[in-house]
1. Step through the table entries Lys161/Lys469; Lys126/Lys161; Lys490/Lys564; Lys440/Lys564; Lys148/Lys276, compare each Cα-Cα distance with 31 Å, and write down the pairs that go over it.
2. Quick one: pull the percent of accessible area on the chain belonging to carbon and sulfur, 1.4 Å probe, ligands and nucleic acids left out.
3. Quick one: divide the alpha-carbon radius of gyration of region 139-295 by 2.2 N^0.38 Å and tell me what you get.
4. Between Ser199 and Asp341, what is the label-point separation in nm under the 7 Å Cα-to-beta-carbon projection?
5. Multiply the residue gap between His259 and Thr321 by 0.36 nm, knock off their C-alpha separation, and tell me the result in nm, one decimal place.
6. I'd like the projected area of region 231-280, averaged over all directions, using the convex hull of its alpha carbons. Report it in nm² with one decimal.
7. At 1.567 mPa s and 4 °C, plugging the Kirkwood radius over alpha-carbon pairs of region 231-374 into Stokes-Einstein gives what diffusion coefficient in µm²/s?
8. What share of all Cα pairs of region 377-477, in percent, falls into each consecutive 10 Å distance bin?
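The values are calculated or read from the model by the stated rules, or taken from the named source; none is laboratory data. Everything numeric in this text was worked out from a predicted model, so none of it was measured. When we count neighbours, we look across all protein chains shown, and the Cβ atoms used for this are built from the backbone with ideal geometry, even at glycine. All accessible areas refer to the heavy atoms of the entire protein, side chains included, with ligands and DNA or RNA removed. Shrake-Rupley method; radii C 1.70, N 1.55, O 1.52, S 1.80 Å.
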Amino acid sequence: MAKHKLVTAITSCCRCFILVLLWFQSQGCLEEERAALLQIKDSMSSYESSAFSNWYVEECCDWEGVECDPSHTRIHKIFFPHLRSDSEPWFPNATLFAQFKDLQELELPGNYIGGFISIHAFRKLKHLRKLNLRDNFIQNGSNLCWGKYLLLYNLDLSGNKLQGNLPECLCDNLFLKELILSNNNLFGSINSCLGNMTSLRLLDLSDNQFSGYFPSLIISNLTNIESLFLSRNELQGNISLCVFANLSRLSELDISFNHLEVETEMMSPSCFPSFKLSTLSLGGCNVKKISPWMLHNITLELWLSGNNLTGPFISNFQNITSKLTLLDISDNFLHGTLLEDINLNFPKLRHLDLSNNSFNGNLPIFFSGQLQMLDLSNNQFHGGIPYGMTSNMSCLVYLRLSGNNLTGDLFPKNSSLPNLRWLYLNNNHLSGTFPYALSKSMELGIIDIQKNDLSSELSSYLPVLPKLKILLLSGNWFEGKIPVQICQMKDLHILYLSENDLSGDIPHCVDNVTSWLDSSYGGYLPYDSWNNIEIMYKGLDLFFVCLLPYVKGIDVSYNRLRGKIPIQMTLLKGILFLNMSNNLLIGQIPSSLGNLINLESLDLSHNNFFGVLPHELAGLHFLEVFNVSFNNLSGMIPIEKQFETFESDSYLGNPNLCGHPLQIKCNDSAETPPIYAKEEKSVSIMYFAVLICPFFIVICLG
């Protein structure tokens, strides 16, 4: 009987618990919090079309960007990244966010926030632990001082417009574990109060304008620091890495590109590192020697570019097996040969950059099978590209060997680089045909093999690469017609075929390349200096880096192309430059070239074009460079808009052209562009109508 009562009591308790749980779950988010969310949305004024896509449902805990506590009643996380489409600064009212009493994480990156109205309302968020306001337009850091009121663990204000000295009140956040202030306009000495923030595990002050002597004493107090980033500031002084020796938890250190001179030796009795770094970045720190402890103790990444390293590199790591996955010693003064089996010393490397040194000899044969990025450019390597380099690295994504003295076939036969996306072999002496092996590299986005000695009929060897965006083949000896395969690479942005021996007509299928038809964003290309290309643009040799996705154009100059400009060429409204100079092209310049509304540079010089300059070209409002010199053009030069900015050099070698800026005045018999002829014709018709109308009126009345 007692047992039965016990079972009954337990069952009743379980039922009550389930009912209570169901009751809690049925409550949903609080009405005042739901209303606050809607007011925040409305205050954004404009936002991306994909934002708030499911905010039509009743339960706001299920809304995109919102997360509630386990009871499903109170909101404890808000994440609204890059939602606003309006570039005007947004000043949200902080009282709206203060409605969320249990809010723990507030993330509003990339929303053009210029500041907050009633910012002190944030003090009511007693449970807030993480505040992410990165990539906004906040200027006044002194308004962001809640250290005495909030118990923040993570504060990210990077990528804003913060100005002046580091606000001292930020140091009131004594429990802060992560402080990220990179990419702002902060200047002056680093405030000594940072030394009191002993709970910090991550401190990022990079990409500002902090000056003065390196804050060694402040840094040595941060005994819990794990990641320290002070790069790209104006800090100065001679320091030793011994400054960091007692920071036992330090894992990542980046003090590169200041005005420092760093001594790297740490293996002395008075200075022995208590940490084991995973990443060390000392770029531009006047480092003169690679210490053995670096190769032994650093477990992931070592960045030493732009220093004063000299001598043969081989002496630094012989008989060492390093755990490094990334090694960058570019832009130094190292010389000598490399071991052909460099993989034995660096078996785990995924990223190796030895560019801009003076290494010579043959290229190494064997690299780590895990290698993804290899840059040996701008050295003095000679000989051929070894088969081992192009057959045993299936992970390779990026290969740059440009600016050496390499000879032989571009790629050995049976090479296979299936994951290759970026290939730079320009400025060498490579010969043979366009490599058939690249037909296996279907991920290729950039090919730069300019200024080599490649030859043969290009159309016989060029594969169709569906993801190719940039194809640079200028300065070789390719012959035959421009390959129609180009028309099948619909995402192509930049085509350089100049300074070859190509002949025949320009393909009429160029309008099949859909990326040339409009000026929309060109898709993803990594935003870093690795993806620079050198091309002639607006008459200048230029490097393009971050603008690559937006630059589109065609250069087929210095060949033997014949025929007329195909009408399909005039449909390419997305291109910024078009260079067909120094060929054998004929016919009249199509007036429909005026459709290329984004054109900034147009060079048709040194051909056999005849007739008048189309007046429609005056409508190319962005045109900065224009050259039709040394043709057989005649008549009046258009005299309005952009054409008022061009010098006489643009028209030389056309003895029948007249008008400004040439010294040749137009007489009454000079041909005028078609638009003027049409205007004159319309005027004549008007006079004729005026004369003939009375005659018809008389007849009708009669």
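1. Values: Lys161/Lys469 34 Å; Lys126/Lys161 27 Å; Lys490/Lys564 23 Å; Lys440/Lys564 35 Å; Lys148/Lys276 35 Å.
Checking Cα-Cα distances, Lys161/Lys469; Lys440/Lys564; Lys148/Lys276 exceed 31 Å.
2. Percent of accessible area from carbon and sulfur atoms in the chain: 54.
3. In units of the globular-protein estimate, region 139-295 measures up at 1.03.
4. 5.4 nm
5. Length difference between fully extended and current span is 19.1 nm.
6. On the way: hull surface 13.8 nm².
Orientation-averaged projected area of the Cα hull: 3.4 nm².
7. The estimated diffusion coefficient comes to 83 µm²/s.
8. 17, 53, 29, 1
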